[in-house]
1. Please go through region 19-50 and pick out each residue that is out of contact with any Lys or Arg (no Cβ under 7 Å at 6 or more places or on another chain), open to solvent by less than 60 Å² (accessible area, probe 1.4 Å), of a type in the set (A, V, I, L, M) and touching a residue at least 12 places away in the same chain (Cβ under 8 Å).
2. Of the residues that make up region 38-58, is at least one on the phi > 0 side of the Ramachandran plot and not hydrophobic (A, V, I, L, M, F, W, C)?
3. Name the residue that is farthest from the chain's Cα centre (by Cα), counting only residues in region 52-79 that are open to solvent by 100 Å² or more (accessible area, probe 1.4 Å) and under 28 Å from Ser25 (Cα atoms).
4. For region 1-18, which residues satisfy the criterion of being over 19 Å from Phe54 (Cα atoms), touching a helix residue (DSSP H, G or I) at 6+ places or on another chain (Cβ under 7 Å) and in contact (Cβ under 8 Å) with a residue 24 or more places away in the chain?
Amino acid sequence: MNRLIRKFEEIGMKDVPVVGGKNASLGEMYSDLASHGVRIPNGFATTAEAFRSFLKENGLDEKLENLLGDLDRKEYSNLEKIGGEARKLILE
């Protein structure tokens, strides 16, 4: 495939930096369990590069950076608020 999407059959735990932990685990299960007769659909994972590209193309990278600059990194008293605002930006 390309640099933005990887099939589960192509990934494993070595790919955590590329596709994240959950997707890497799914790839590992797909590869390891199929030989034992466990049927797992060969899905796909979007890469971290795809997510970064999405953020940049939509002007979210700078907005999120500014938003996270307001995070209270001592007490994390505003973590819920900042996290909610970050989710809202991404979902919109």
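The values are calculated or read from the model by the stated rules, or taken from the named source; none is laboratory data. Source: prediction; values computed, not measured. Every residue, glycine as well, gets a Cβ built from its backbone with ideal geometry; the counts of neighbours run over all protein chains shown. Please note that ligands, DNA and RNA were not included when accessible areas were found on the heavy atoms of the full protein model with its side chains. Shrake-Rupley method; radii C 1.70, N 1.55, O 1.52, S 1.80 Å.
1. Correct list: Ala24, Ile40, Ala48, Ala50.
2. no
3. Among residues in region 52-79 that are open to solvent by 100 Å² or more (accessible area, probe 1.4 Å) and under 28 Å from Ser25 (Cα atoms), the one farthest from the chain's Cα centre (by Cα) is Lys56.
4. Within region 1-18, Phe8, Glu9, Ile11 qualify.
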